[in-house]
1. At His51 and Glu14, where each label point lies 7 Å from the Cα along Cα→Cβ, what is the point-to-point distance in nanometres?
2. Among residues other than Val34 whose Cβ falls under 13 Å from its Cβ, what is the net charge (Lys/Arg +1, Asp/Glu -1)?
3. Tell me, in nm to one decimal, what length is gained between Ser63 and Ala27 on full extension, where the rule is 0.36 nm per residue of separation less the Cα-Cα distance?
4. From Cα pairs below 8 angstrom and at least 6 apart in sequence, can you work out the relative contact order of segment 9-71, rounded to a whole percent?
Amino acid sequence: MKDIQQGYMAFFHEGSEGVGAVTDVTADEIVVYVENFGPFTVPMSAVKDVHDSKVILERGRVSSTFLKAVAHAHDAEDPKLAG
């Protein structure tokens, strides 16, 4: 099992915006909490790399439901409050 811990942020690639936070880890999967959508189970086979408290995921190995949630995770944010 890769050395993943609760609280690590999940990403699709370096330098991109985080997609969620790891809330649980087992030998076969991690649970990633996506803002405004809740927890999603991600297979350990989707984990490409782990370093610096980051989990890098392979987009092609996660569910389409997870991808849709990630794409809309920040829809409810007020753009007037950003930045």
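1. So the two model labels end up 0.6 nm from each other.
2. Numbers: positive: Lys68; negative: Glu17, Glu35, Asp75.
Every neighbour counted, the sum reads -2.
3. Values: separation 36, 0.36 × 36 = 12.96 nm, distance 1.87 nm.
Extra length from Ser63 to Ala27 when fully extended: 11.1 nm.
4. Numbers: 110 pairs, mean separation 18.0, N = 63.
29 percent.
No value in this document is a laboratory result; all are computed from the given coordinates. Just so we're clear, the structure is a prediction, and the values are computed from it rather than from any experiment. Counting neighbours? That spans all protein chains shown, and the Cβs are built from the backbone with ideal geometry, glycine included.
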